[in-house]
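The values are calculated or read from the model by the stated rules, or taken from the named source; none is laboratory data. On a predicted model such as this, the values are computed, not experimentally measured, just so you know. A quick note on method: Cβ atoms are made from the backbone with ideal geometry, for glycine too, and the neighbour counts reach across all protein chains shown. These area figures cover heavy atoms from the full protein model, side chains too; ligands, DNA and RNA do not enter into them. Shrake-Rupley method; radii C 1.70, N 1.55, O 1.52, S 1.80 Å.
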Amino acid sequence: MTEEIIIAGFGGQGVLSMGKILAYSGIMQNKEVSWFPSYGPEMRGGTANVTVILSDTRISSPVLHHYDTAIILNQQSLDKFEKSVKPGGILLYDPNGIVHEPARKDIKIYKIEGTRLAAESGNPKTFNMIVLGAYLKLKPVIELDSIEKGLKKSLPERHHKSIPGNIEAIRVGQENVESILVL
Amino acid sequence: MGDVRLMKGNEVIAEAAIRCGCDGYFGYPITPQSEVLETLAIRRPWEETGMVVLQAESETASINMLYGAASTGKKVMTSSSSPGISLMAEGISYLAGAELPCLIVNVQRGGPGLGTIQPSQADYFQTCKGGGHGDYKLIVLAPASVQEMYDFVELGFELAFKYKNPAIILSDGVIGQMMEKVELGEYKPRWTAEQIQEISGSWACLGKAGRERHISTSLELDPYGMEKNNLRFQAKYREMEAKEVRYEMFDCEDAEYILVAFGSSARICQKTVEIARSKGLKVGLLRPITLFPFPTPIIRELAGTVKGFLSVEMNAGQMVEDVRLAVNGKVPVEHFGRYGGVIHTPEEVFDALKQKLIGE
C-alpha cells in the first residue's frame with residue numbers, strides 16, 4: 001500500500017498539522033511516512049500545502065506532482081491541484097468559498113462541509129479534524145486508534161485534553177462526507 | 001526499536017548534536033535551516049549536557065567562533081544556508097588550513113546571490129571544489145533522508161577528528177524541511193578534559209602548562225614551509241579518497257543506464273528508476289553519500305558495462321563534471337536538473353533520460 005496525498009488550503013486552516021497527525025498516526029501503524037510542506041513565500045501570504053506519503057515500503061521521492069488523493073480547502077488550491085490528481089484518484093474539498101466547482105470527469109469527487117460543521121459545533125478549531133475524518137471514511141488507510149495515538153504523540157501534553165473533541169470531530173467528518181462524482 | 005519520532009531534517013540536526021555530545025553550536029538564522037537554531041533554543045541543552053548554544057551576530061562571527069572553539073579540541077559546529085555559507089568561506093579555508101576538526105551544515109537554497117529560499121543543490125562546486133581560497137578539501141556528506149541527517153552529525157564529527165579536517169553536511173531545503181520517521185540514538189556524554197587531552201592533546205590549545213606551546217594557525221610565511229604543509233594536506237586528502245568513499249546503489253546490477261544523484265535529487269531519481277523499470281527499461285541509480293571523497297572508482301567500473309550516465313542535480317550541471325572525469329569518455333555522460341529553487345519531478349527526469357541518452 002502506498003498512498004500519496006496533497007493537502008492544500010489557507011495558512012491557519014490547519015493544513016500542515018492535519019498532515020502531521022496523519023503522518024504520526026502512520027508511524028503508529030508501522031508505516032513508512034514522509035511529510036513535505038510548502039515553506040516558500042506563499043505560506044507567508046496565504047496558501048499552504050503539504051505532501052504526505054504513507055507506505056508499507058520504503059518511500060522514494062518525498063516530492064510529488066501527481067497524487068492519489070487531493071484534500072482541497074480553498075479556490076486557489078483547487079485551481080492549482082485539481083489537475084494533479086491521478087486518473088481514478090480522489091478529490092475531497094470543502095465547498096466554503098469555492099466559486100468554480102471541480103470539473104474533471106475521470107476522478108472521484110467528494111465534498112465535506114468542514115467549515116460549516118466546525119462553526120456549528122461551536123469549536124471551529126476542529127475544522128481540520130472534520131476534514132481528516134471525511135478523508136478517512138473514503139480511504140481507511142489509518143485506524144482511528146492509531147489517530148488517537150498519533151494525536152498523543154504529536155500534541156504537547158497540555159493539549160491532550162482536546163483529544164476527545166478531535167476524535168469526535170473525526171466522527172462528524174466520517175458521517176458527513178458527500179459524494180459528488182462516482183466513477 | 002529505540003526512540004522513534006516524526007521530525008524535520010533540521011530538527012534532527014539539533015537533536016543529534018545534543019545526543020552525540022557536541023560541546024558548542026554557533027549560528028545565525030536563515031531559511032530554510034532556521035529550525036536547527038530554533039530547536040536548540042527550545043531544547044536548552046546548556047541545562048542538560050552543558051552544550052553551548054550561541055546565536056552570533058552574523059555568519060562571519062559564527063565561523064570565527066567555531067575556529068576559536070575548534071582549536072581547543074572541542075566538538076563544535078555551525079549551520080547555515082547557501083548565502084550564509086558564502087559569508088563563512090574565509091573561515092572555512094582558515095579551519096582547513098589550520099587542520100581543525102569541526103562540523104558545518106549547509107541546508108542549500110537557490111542562488112546565486114540572495115536567490116530564493118526554495119531547495120537547491122547549486123553549492124556542489126562551492127562545497128567540493130573550494131568556496132574559500134587555497135588547495136583544501138572538506139569531508140562532504142550528502143544525506144538523502146531525515147535519518148541520515150541524524151546519523152551524519154556523529155559520522156561528520158568522527159571523520160573530522162580522524163583527519164583533523166572540517167566536515168560538512170551538504171543538505172538542502174527538501175531534506176531540511178521534510179518530516180520523516182527517525183530513530184534517535186542513545187545520549188553520549190560530552191568528552192571530559194582527560195578525553196580531550198588523550199584525543200587531541202598533541203595539537204589542541206588546552207593551556208600549555210610545562211610543554212611547548214601549541215599554535216593553531218593557517219599562516220606560514222616561509223613558502224617551503226607552506227608547501228610542506230600543503231603536501232601533508234594532500235596526503236590526507238588522498239588517504240580520505242582511499243578509505244572514506246561511501247555510496248549506495250539501486251538496481252545497478254543489470255542496468256544499461258545509470259542515474260547519478262545525491263541528496264533529495266537521489267530520492268526523486270529512485271522514483272524515476274521505479275517508473276523506468278515498470279516500463280521494462282534497465283535503469284539504476286548510484287547515490288554518492290560522500291561528495292568528497294567522490295565515488296570515482298565505482299563509476300569508473302560501471303562505465304565498462306553501461307551505455308550511459310545521467311547526472312541529475314538541482315543545479316545547472318556541477319557534479320556531472322566529476323562523473324565525466326570518472327567515466328573518462330568511455331560512454332556518454334549527460335546532465336539534467338531544474339534549478340533556482342525548482343525541484344525536478346521523477347517524470348521530468350525520466351523524459352530527460354529518454355531524450356538525452358536512450359534516444360526516443
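Couple of notes before you dig in:
Let's see how each residue does on (1) at positive phi; (2) touching a residue at least 12 places away in the same chain (Cβ under 8 Å); (3) out of contact with any Pro (no Cβ under 6 Å at 6 or more places or on another chain); (4) assigned to a loop (DSSP other than H, G, I, E, B):
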residue	(1), (2), (3), (4)
A:GLU82	no, yes, no, no
A:ALA103	no, yes, yes, yes
A:ARG116	no, yes, yes, no
A:THR126	no, yes, yes, no
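- Residue within segment B:124-141 that is aliphatic (A, V, I, L, M) and out of contact with any strand residue (DSSP E or B) (no Cβ under 6 Å at 6 or more places or on another chain) present: no
- Any hit, segment B:240-259, residues being in a helix (DSSP H, G or I) and touching a Gly at 6+ places or on another chain (Cβ under 8 Å): no
- Within segment B:1-49, the set of residues being open to solvent by less than 20 Å² (accessible area, probe 1.4 Å), of a type in the set (Asp, Glu) and either under 17 Å from B:LEU184 (Cα atoms) or within 11 Å of another protein chain (Cβ to nearest Cβ) (or both) comprises just one member, B:GLU15.
- Within segment A:141-162, tally of residues that are within 18 Å of the chain's Cα centre (by Cα) and farther than 21 Å from B:MET7 by Cα: 4
- Condition check for A:ILE72: touching a residue at least 40 places away in the same chain (Cβ under 8 Å), buried (at least 22 other Cβ atoms within 10 Å of the Cβ), hydrophobic (A, V, I, L, M, F, W, C) and closer than 25 Å to B:GLU35 by Cβ: no
- Among (1) within 14 Å of chain B (Cβ to nearest Cβ); (2) open to solvent by 10 Å² or more (accessible area, probe 1.4 Å); (3) touching a strand residue (DSSP E or B) at 6+ places or on another chain (Cβ under 7 Å) - the single one A:PRO95 does not satisfy: (1)
- Of all residues assigned to segment B:262-280, none qualifies as being touching a helix residue (DSSP H, G or I) at 6+ places or on another chain (Cβ under 7 Å), part of a strand (DSSP E or B) and open to solvent by 10 Å² or more (accessible area, probe 1.4 Å).
- In segment B:336-360, residue surrounded by the fewest Cβ atoms within 10 Å (Cβ to Cβ) [restricted to those that are within 18 Å of B:GLY110 (Cα to Cα) and free of Cβ contacts under 8 Å to residues at least 60 places away in the same chain]: B:ARG338
- Residue in segment B:288-299 that is over 28 Å from B:ALA167 (Cα atoms) and either open to solvent by less than 10 Å² (accessible area, probe 1.4 Å) or among the β-branched types (Val, Ile, Thr) (or both) present: no
- Scanning segment A:139-156 for residues that are of a type in the set (A, V, I, L, M, F, W, C), in a helix (DSSP H, G or I) and either touching a strand residue (DSSP E or B) at 6+ places or on another chain (Cβ under 6 Å) or open to solvent by 50 Å² or more (accessible area, probe 1.4 Å) (or both) yields a total of 0.
- Lone qualifier among A:THR51, A:THR47, A:THR69 - being at pLDDT below 95, closer than 23 Å to A:ALA134 by Cα and more than 8 Å from chain B (Cβ to nearest Cβ): A:THR47
- Residues that are away from chain A (no Cβ under 14 Å), touching a Lys or Arg at 6+ places or on another chain (Cβ under 8 Å) and not in a loop (DSSP other than H, G, I, E, B) within segment B:162-193 comprise just one, B:TYR163.
- Within segment B:1-27, residues that are more than 18 Å from B:ASN106 (Cα to Cα) reach partners that are of a type outside the set (Lys, Arg) and surrounded by fewer than 20 Cβ atoms within 10 Å (Cβ to Cβ) with beta carbons closer than 6 Å, at six or more positions or on different chains, in the pairs B:GLY2/B:GLU183; B:ASP3/B:LEU184; B:VAL4/B:GLU183; B:ARG19/B:GLY185; B:ARG19/B:TYR187; B:CYS20/B:GLU154; B:GLY21/B:PRO189.
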